[in-house]
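Worksheet for the structure shown next.
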Amino acid sequence: MHAGSLASVLTLLGVVTALSYQDAAVTQCCSQLAAQLPNTTFSRDVSNSSIYYKTKTSFWSATEWLNPTCVFLPARTADVEIAVSIFTANECPFAIRGGGHSAIRAAANIDDGILVSMKIIKDITFSNDIATVSVGAGLTWAEVYEATEARGYMVVAGRFGTVGTGLVLGAGFSYLNNRHGLGADNVAGHNVILANGTTVFANATHYSDLHWALKGGGNNFGVVSHYELVLYPSYGCFGGRFTYPHSSIEAVKKAIYEYHVKTAIEDKDVHVLPTYVFADNTTYGYTPVVSNRNVTSLPESLRAWSEIPHTNETLKLRKYGNLANELVAGFPDGQSHYTFTVYPDQAFFSELFDLWEKFCVSMAHIGGFNGLHTVTPITPHAIAEGIRRGHNALGIGQAKPNTTLSVFYLGIIFNNGADSEEVFPAWEIFVRTLQVRASVLGILFPYIMMNYSDHNQQVLQSYGERNVKRLQTVQRRYGPSLVFQRLVTGGQKLQL
């Protein structure tokens, strides 16, 4: 998307940063940062080659291209402590960028405030017993995998190499979900800077309530500088992606449903990301298929995917980092996305695809219009792993016993902001119609995955009243001045 087209897109999205700050306090905060931490703070300028410009536009979705008063690049936890203390003392609004992979405007950037980009904090430290690894918040998963796989280990984290560590503050789909649960459940500890500028390490035994809240609670509690992740022995994987022509779609539909209700449950050492792509007025299947074993062919549980007629496949024995980088190359950057969760239903899966394709065809005249449709299972075992590891805040433990949850992701991208007046209203009606349809069928589950959410979806409320009240209690315990609600206004916010 062209930067000049952003204004009309953002207006149609119906989102604005909660407040527009143009007062002396923000300038004062930028000045104090520059004085106390030289070479970390970069003021607004008009150059398109400056550190300021490159930082403020370094995002997966152009909806995050905003105009902070200054950008701040901390190099260590102590820098973040100083910054948060300054922001709190002067009431300066700020935003926190990890990997910059959100499509929600102002989730990780800000107009007329301070953008805190964690991209320099990239240290990686293995525990003495190689049970866990501490990773800096500025790392991408490709960088993490390069380090862990060099030692023969893997973490439960993102499937795409360019995604950042903030994934695990939402939920976190991974190649290892069916065996070990969600990414958030495999964070052994969070190093988090609180509103008062102090740092605590929250885990199962210390600040355990905060540790629980950060497993799904997003940016409502502090700035996480490091994540301590559980390590699992790994010898790589056998996997790649299949490309299916439109003529194979009906067979793909059947395989997707079988994966959700049978394969992912019975074979915990496989992962499939069932995906449809609409591009150039054509729909095709584009599905990563992975065996988490040191093998040279797909196991019997995944053979159906290779038996469906396909035009291309990239299967091979490889490291996860290699696969994560390959998948990035195959998917376009995002602009807007939406998610909801259902109990798997074969007829609904098929109906949703048909409606999604019909919507995409209706937008084919829009320049650069692409559509993306995925549906990923959270199996009963994955849910149980979250409970076993001390629970998370997501509320998915309330699902029907022994029943998979199916999480839909629907995304769109197009070139010209002027087309937003046609695309976004129709998109909003379309995605809400799907959710209503699922509700009428009695298969809708309330959970909304933060990582995939749209700006107007009530993610935290979807976790259930009990969890919301507990999150509010934690928030008031560690941030009674509500800094991460009042000054960090972007993203999915906890109701006061």
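The values are calculated or read from the model by the stated rules, or taken from the named source; none is laboratory data. This is a predicted model, so every value here is computed, not measured. Positions of Cβ are backbone-derived with ideal geometry, glycine not excepted, and every protein chain shown enters the neighbour counts. With ligands, DNA and RNA removed, areas are computed over all heavy atoms of the protein, side chains included. Shrake-Rupley method; radii C 1.70, N 1.55, O 1.52, S 1.80 Å.
What to note about this one:
- Residue in region 85-97 that is among the aromatic types (Phe, Trp, Tyr) and either open to solvent by 50 Å² or more (accessible area, probe 1.4 Å) or in the same structural domain as Tyr227 (by the TED database) (or both) present: no
- Among the residues listed as Gly138, Gly181, the single one being modelled with pLDDT of 95 or more, over 14 Å from the mean Cα position of the chain (by Cα), surrounded by 21 or more Cβ atoms within 10 Å (Cβ to Cβ) and more than 20 Å from Ala382 (Cα to Cα): Gly138
- For region 49-66, the set of residues classified as outside any helix (DSSP H, G or I) and at pLDDT 95 or above consists of Ser50 only.
- When Ser102, Ser58, Ser50 are checked against the criterion of being open to solvent by 10 Å² or more (accessible area, probe 1.4 Å), farther than 19 Å from His190 by Cα and over 23 Å from the mean Cα position of the chain (by Cα), a single residue qualifies: Ser50.
- Each residue in region 87-143 was checked for being in contact with a strand residue (DSSP E or B) (Cβ under 6 Å, 6 or more places away or on another chain) and assigned to a helix (DSSP H, G or I), and 1 pass.
- Yes/no for Leu434 being open to solvent by 50 Å² or more (accessible area, probe 1.4 Å) and farther than 21 Å from Glu64 by Cα: no
- For Leu273, the criteria (1) under 30 Å from Met118 (Cβ atoms); (2) modelled with pLDDT under 95 hold in every case but one, which is (2).
- In region 192-245, counting only strands (runs of 3 or more DSSP E) that sit wholly within it, none holds 3 or more residues that are surrounded by fewer than 24 Cβ atoms within 10 Å (Cβ to Cβ), of a type in the set (A, V, I, L, M) and in contact with a Ser or Thr (Cβ under 8 Å, 6 or more places away or on another chain).
- Test for Asn456: is it touching a residue at least 40 places away in the same chain (Cβ under 8 Å) and either open to solvent by less than 20 Å² (accessible area, probe 1.4 Å) or not in a loop (DSSP other than H, G, I, E, B) (or both): no
- Top-ranked residue of region 459-496 - restricted to ones that are among the basic types (Lys, Arg) and more than 29 Å from Arg159 (Cα to Cα), ranked as least open to solvent (accessible area, probe 1.4 Å): Arg486
- Looking only at region 393-431, and only at residues there that are open to solvent by less than 20 Å² (accessible area, probe 1.4 Å) and assigned to a loop (DSSP other than H, G, I, E, B), the one that is farthest from Leu169 (Cα to Cα): Phe414
- Residue check for Ala188: surrounded by fewer than 24 Cβ atoms within 10 Å (Cβ to Cβ) and part of a strand (DSSP E or B): yes
- Cβ pairs under 8 Å, 6+ apart, first in region 291-314 and under 21 Å from Ile265 (Cβ atoms) and in the same structural domain as Lys262 (by the TED database), second open to solvent by 40 Å² or more (accessible area, probe 1.4 Å) and of a type in the set (S, T, N, Q): Leu298/Ser306
- Filter result for the condition that a residue is surrounded by 19 or more Cβ atoms within 10 Å (Cβ to Cβ), β-branched (Val, Ile, Thr) and closer than 26 Å to Asn322 by Cα, over Thr287, Thr296: Thr287
- Count - residues of region 255-275 that are outside any helix (DSSP H, G or I) and open to solvent by 10 Å² or more (accessible area, probe 1.4 Å): 3
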